[in-house]
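Since the structure comes first, as structure tokens, the remarks are kept for the end.
Derivation of every value follows stated rules applied to the coordinates shown; laboratory data play no part. Here the structure is a predicted model, which means the values were calculated and not measured. So basically every Cβ, Gly included, is an ideal-geometry build from the backbone, and we count neighbours across all protein chains shown.
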Amino acid sequence: MGGKLGDEALDIIFRQARTHNGWTDAPVSDETLKQLYDLMKWGPTSANCSPARIVFVKSSEAKEKLAPALSEGNLKKTMAAPVTAILGYDVEFYERLPELFPHAPDAKTWFNWSKEWAEQTAFRNGSLQGAYFMIAARSLGLDCGPMSGFDMKKVDDAFFAGTTVKVNFLCNLGHGDPSALFGRSPRLPFEEACKIL
């Protein structure tokens, strides 16, 4: 079932994709956000645990709720973005395993024996899903502005109070304004980042 993407697709999702700080006023439809989730959900996670939980902040009321949690450097660009996704992870993801991993009826016990282990698993796999999220967004023609400059407790209190979900990171979504980009930062070469043993 393997296949290979062409250079155009690889450019869109990786080589020419940028972290955007400025946005056009082109809207992002709810339907596009549903398509985005319906792509990202297929990425692999441990025992299909799928801990990611996402709040799409679009309305002015929701933006006002988010604003106090943002660092000064992230406030203006986030308020200008058509959508800000709050990517969280459910620390009790294992409660859904009977549904998500039905061929192993005891899968819940692999994770619920330790809160620390469950949270590590949720964070790791939720982070993987966050990467799938950005690849899916880019593949649908959206630009991304992921960030971690915010007060986690304020976000949790404002959007996840009374739940078992914790915030991981934020990602602005929309159509980026190329005039707000700065020069692309370098990446480590293979020889410095990798070993083949």
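Between F123 and L10, full extension at 0.36 nm per residue minus the direct alpha carbon distance yields a gain of 38.0 nm.
Karplus-derived 3J(HN,Hα) values for region 109-117, using 6.51 cos²θ - 1.76 cosθ + 1.60 with θ = phi - 60°, are 6, 5, 10, 7, 7, 8, 4, 5, 5 Hz; glycine and proline are entered as x.
Taking every C-alpha pair closer than 8 Å and separated by at least 6 residues, the mean separation divided by the residue count of region 122-176 gives a relative contact order of 45 percent. In terms of other Cβ atoms within 10 Å, F182, F101, F14, F56 run from fewest to most in the order F182, F14, F56, F101. Only DSSP H runs of four or more residues enter the estimate; each adds -39500 (n - 2.57), and after division by the residues of the chain the mean residue ellipticity at 222 nm equals -10500 deg cm²/dmol. With a Förster radius of 45 Å applied to the C-beta separation of E72 and T32, the computed FRET efficiency comes to 0.90.
Remark: spin-label model distance E61-E116 equals 4.2 nm, labels positioned 7 Å along the Cα→Cβ axis.
Diagonalising the gyration tensor over the Cα atoms of region 81-136 and scaling each eigenvalue by 5 before taking the square root yields semi-axes of 25, 13, 9 Å, largest first.
Between T24 and E95, the FRET efficiency estimated from the beta carbon spacing at R0 = 35 angstrom works out to 0.30. Peptide packing: for 133-145, 83-95, the average count of neighbouring Cβ atoms within 10 Å per residue gives the ranking 83-95, 133-145, highest mean first. Across the chain, the relative contact order, built from alpha-carbon pairs under 8 Å that are at least six residues apart, equals 35 percent. Only alpha carbons enter this Debye calculation for the chain, each as an equal point scatterer, and the log10 of I(q)/I(0) it gives at q = 0.14, 0.15 Å⁻¹ is -0.91, -1.02.
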